[in-house]
Amino acid sequence: MARLLVVSFLPKGPLSRTRRLLDAWLAKRRAGEPALAVDEVDLVHTELPPVDGPVALAKGAVAAGSHLAPTQQRAWEAITPWAEEFLAADEVAIAAPMWNFSLPYPVKHYLDVVVQPGLLFRYTEQGSHGLCAGKPLTLVTTRGNVYADLPQVNFQTAYLRWLCEFIDCRYSEIVAEGLDVRGPEAGEKILSEVIARL
């Protein structure tokens, strides 16, 4: 049975356009794969461990193969289960709207928690090596403007594409964009058309 981990930040709840897109995509996936198990980390209602000084020191110690001080060990033990959950999934989806040309800050916080040396990547004499074994990572997102022809300001895609290369995930995305620039009726039409094409 394949396991899909969905990491979502959808603060508008049922009014979220990204939630509609995610739910439609999941419905199609479940229709084609009835045995698919879906677990969701709802970042609106989840308290993540801090990525603070002890974590930064622990990260450096792990990367160097050094001993962790007690405070570093406790900090490392707090973040390790999150990375292990990410690794245990057969695939991952990140569902969040574009905010200010990028990912909302809780999503970045989550990624800063899980992307750690010895967990999602390791350093070798040849450089960094991702440990995610090529698992798929899909971004499900909605955007108010159209960024297909503006890659220089679409930091959402650029960041996740490079991160996936770093940790060895296969990146793809499901996007409904231009939802605000022509008014709500046009935006609703665009979103409905994207959902119909899934």
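FYI, it's all coordinate maths here, none of it is from the lab. No experiment lies behind these values; they were computed from the predicted model shown. When we count neighbours, we look across all protein chains shown, and the Cβ atoms used for this are built from the backbone with ideal geometry, even at glycine.
General remarks:
- Rounded to 10°, Cα long-axis angle of helix 70-88 versus longest principal axis of the chain: 40
- With a simple spin-label model that places each label point 7 Å from the Cα along the Cα-to-Cβ direction, the separation between Val153 and Leu131 comes to 3.9 nm.
- Between 0 and 90°, nearest 10: helix 53-64 axis offset from the chain longest Cα axis: 70
- Nearby aspartates and glutamates by direct alpha-carbon distance to Lys59 (threshold 14 angstrom, same-chain neighbours under 8 apart not counted): Glu77, Asp112
- Volume of the Cα convex hull of the range 93-198, divided per residue and given in Å³: 106
- 10 Å binning of all Cα-Cα separations within the chain, expressed as whole percents from 0 upward: 8, 33, 34, 18, 6, 1
- Modelled FRET efficiency - R0 25 Å, Phe101 with Lys12, Cβ distances, 0.05 increments: 0.85
- Set of lysines with alpha-carbon distance to Lys28 below 26 Å, sequence-local pairs under 8 removed: Lys12, Lys135, Lys189
- Over the residues of the chain, the helix contribution to mean residue ellipticity at 222 nm works out to -13500 deg cm²/dmol, using -39500 (n - 2.57) for each DSSP H run of at least 4.
- Mean separation of Cα contacts under 8 Å, 6 or more apart, over the residue count of the range 3-196: relative contact order %: 22
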